[in-house]
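Everything on this sheet refers to the single structure shown next.
The values are calculated or read from the model by the stated rules, or taken from the named source; none is laboratory data. Fair warning: this is a prediction, and the values are worked out from it, not measured in the lab. Neighbour counts run over all protein chains shown; Cβ positions are idealised from the backbone, glycine included. Please note that ligands, DNA and RNA were not included when accessible areas were found on the heavy atoms of the full protein model with its side chains. Shrake-Rupley method; radii C 1.70, N 1.55, O 1.52, S 1.80 Å.
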Amino acid sequence: MNILQINSSARSTGSESTRLADALVAKIVAANAGAAVTRRDLAADPHPVLDEPALQALFTPADQRTAEQAARVALDDALIAQVQAADVIVIGAPTYNFGITAQLKTWFDAIARAGVTFKYGPTGPVGLLTGKKVYVAVARGGMHKDAPSDIQLAHLKTFLGFVGLTDVQFFFAEGMGMGPDAVAKAQAQADADINAVLV
Ligand SMILES: Cc1cc2nc3c(=O)[nH]c(=O)nc-3n(C[C@H](O)[C@H](O)[C@H](O)COP(=O)(O)O)c2cc1C
């Protein structure tokens, strides 16, 4: 089993989404002897944004790219290869300003590749990253679950589904900015949810 862990908090220490992603991976590894884990921390090891030179590189045929353009496309190719090789994907996803972090967006922009991870057919888009299990650990300062303000969850579900990642399970630590009692309650609930699902 290949497990891919994507951490997207800007924080190198004290990140709740990373703590929960670590807990999820530890549980999966414990239940699957010999599982291999690939980790990418997008804050410690950032992926470049999708800017104009990157777009030009992606839309230039491979045999006509400059060395610089080929190197930029190769960075995205490496992330696509990791996700293709994964059986299980674990994502730590903090809520920043009602959305995903800029770090996670760079990963989304890298792995969405027409003809490789999705394609358009007569009935619309078809995701090509099929047959994988995805766990997403969401940490947020307030409470948004089941509220109109939870646009992050819709973005996560829609994007992952678009590339074929439809078997997605979410875990939440909500209220992380609402004082020590709320933090303790959120952490205990998230830990219990993780333990319950992976026993
Ligand atoms: C720049 C920034 C923006 C944030 N925006 C929101 C927000 O829109 N809604 C919310 O509930 N919490 C928000 N928070 C709180 C974080 O979601 C919370 O601190 C969470 O624990 C961050 O994840 P992490 O612990 O993995 O770093 C924000 C925090 C930061 C630093």
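Before moving on, here are some points about what is shown:
- Hits in the range 22-42 (condition: more than 16 Å from the ligand (Cβ to nearest atom), of a type outside the set (Lys, Arg) and farther than 30 Å from Arg65 by Cα): Ala26, Ile28, Val29, Ala30, Ala31, Asn32, Ala33, Gly34, Ala35, Ala36, Val37
- Residue in the range 93-110 that is touching a residue at least 12 places away in the same chain (Cβ under 8 Å), more than 15 Å from the chain's Cα centre (by Cα) and open to solvent by 70 Å² or more (accessible area, probe 1.4 Å) present: yes
- Counting the residues of the range 129-167 that are on the phi > 0 side of the Ramachandran plot and of a type in the set (D, E, K, R) gives 1.
- Of the candidates Gly161, Gly142, the single residue that is outside any loop (DSSP other than H, G, I, E, B) and either open to solvent by less than 60 Å² (accessible area, probe 1.4 Å) or more than 16 Å from the ligand (Cβ to nearest atom) (or both) is Gly161.
- In the set Arg65, Arg19, only one residue is within 16 Å of the ligand (Cβ to nearest atom) and either under 21 Å from Met176 (Cβ atoms) or free of Cβ contacts under 8 Å to residues at least 40 places away in the same chain (or both); that residue is Arg19.
- Selection count, the range 41-77, where residues are of a type in the set (Gly, Ala, Ser), buried (at least 16 other Cβ atoms within 10 Å of the Cβ) and not in a helix (DSSP H, G or I): 1
- Considering (1) touching an Asp or Glu at 6+ places or on another chain (Cβ under 9 Å); (2) part of a strand (DSSP E or B), the lone condition that Gly131 does not fulfil carries the number (2).
- A count restricted to the range 1-28 and to residues that are surrounded by fewer than 16 Cβ atoms within 10 Å (Cβ to Cβ) and in a helix (DSSP H, G or I) stands at 1.
- Hits in the range 111-139 (condition: within 16 Å of the ligand (Cβ to nearest atom) and either more than 28 Å from Ala54 (Cα to Cα) or over 18 Å from the mean Cα position of the chain (by Cα) (or both)): Tyr135, Ala137, Val138, Ala139
- Positions within the range 164-199 being open to solvent by 40 Å² or more (accessible area, probe 1.4 Å), more than 21 Å from the chain's Cα centre (by Cα) and not basic (Lys, Arg), in sequence order: Gly177, Met178, Pro180, Asp181, Ala184, Ala188, Gln189, Ala192, Ala196, Val199
- Total residues in the range 111-126, condition more than 16 Å from Leu160 (Cβ to Cβ) and open to solvent by less than 50 Å² (accessible area, probe 1.4 Å): 2
- Any hit, the range 43-51, residues being within 16 Å of the ligand (Cβ to nearest atom) and either more than 19 Å from the chain's Cα centre (by Cα) or farther than 15 Å from Ala102 by Cα (or both): no
- Screening Gln103 with (1) closer than 30 Å to Pro53 by Cα; (2) touching a helix residue (DSSP H, G or I) at 6+ places or on another chain (Cβ under 9 Å); (3) of a type outside the set (Ser, Thr, Tyr) gives one miss only, at (2).
- Here Thr38 clears all of (1) crowded, with 20+ Cβ neighbours inside 10 Å; (2) not in a loop (DSSP other than H, G, I, E, B) except the condition numbered (1).
- Only one of the numbered conditions (1) farther than 24 Å from Val37 by Cβ; (2) within 15 Å of the ligand (Cβ to nearest atom); (3) polar (S, T, N, Q) is violated by Gln103, and that is (1).
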